[in-house]
1. Please compute P(r) over all alpha-carbon pairs of region 74-153, binned at 5 Å starting from zero, and give each bin as a whole-number percent.
2. Take each of the peptides 142-149, 78-85, average the number of other beta-carbon atoms within 10 Å over its residues, and list them starting from the highest.
3. Cα extents of the chain along the three principal axes, largest first, in whole Å?
4. Using 0.36 nm per residue, how much length does the chain from residue 33 to residue 47 gain when fully extended, once their Cα-Cα distance is taken away?
5. Would you mind computing, in nm to one decimal, how far apart the modelled labels at residue 108 and residue 23 are, each placed 7 Å from Cα along Cα→Cβ?
6. Given the Cα-Cα distance of residue 131 and residue 86 and 0.36 nm per residue of separation, how much length would full extension add, in nm?
7. Would you work out the relative contact order for region 99-153, in percent, from Cα pairs under 8 angstrom that are 6 or more residues apart?
8. At 0.36 nm per residue, and after removing the present C-alpha to C-alpha distance, how many nm does the segment from residue 119 to residue 64 gain when stretched out fully?
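Nothing in this text is a laboratory measurement; each read-out follows from the coordinates by a stated rule. Computed from a predicted structure; not experimentally measured. Counting neighbours? That spans all protein chains shown, and the Cβs are built from the backbone with ideal geometry, glycine included.
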């Protein structure tokens, strides 16, 4: 796909992470009897403020921007994970170090999202999903980073 293996790994992990977390927020929303569109729209609060939170129907500007923001975040965390693998010299196929690094990056993502950044830059779906679902979404992120990490070239 890419001639640069680091770029290939970042894109692969980032896409795994974006797809898995998008599906996760939709599934958890459905399980909580919330519109499946609501958490995806809520991500767009970064661009549109509180008007994007609680929108229960598909709204193009919110869905497109929310999806792009989620993809950008997923690629960012994938890049951090990939550089962690590179600098720690963790080879593909080494399960325990891959799981450990993926978990560490996910904890960093959570701390960044809810402690470090201002409220306007939080993921947004925390406004429509329960705390339990929120934690599970981050668990799904860790799983996606792990799966992507195990497929590194």
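1. Bins of 5 Å from zero give 3, 15, 26, 23, 15, 10, 7, 2 percent of pairs.
2. Going by the mean number of other Cβ atoms within 10 Å, highest first, we get 142-149, 78-85.
3. Its Cα atoms span 44, 31, 27 Å along the three principal axes.
4. Separation in residues times 0.36 nm, less the Cα-Cα distance, equals 2.5 nm.
5. Distance between label points: 2.6 nm.
6. Stretched fully, the residue 131-residue 86 segment lengthens by 12.9 nm.
7. It rounds to 54 percent for region 99-153.
8. Stretched out fully, the residue 119 to residue 64 stretch lengthens by 17.7 nm.
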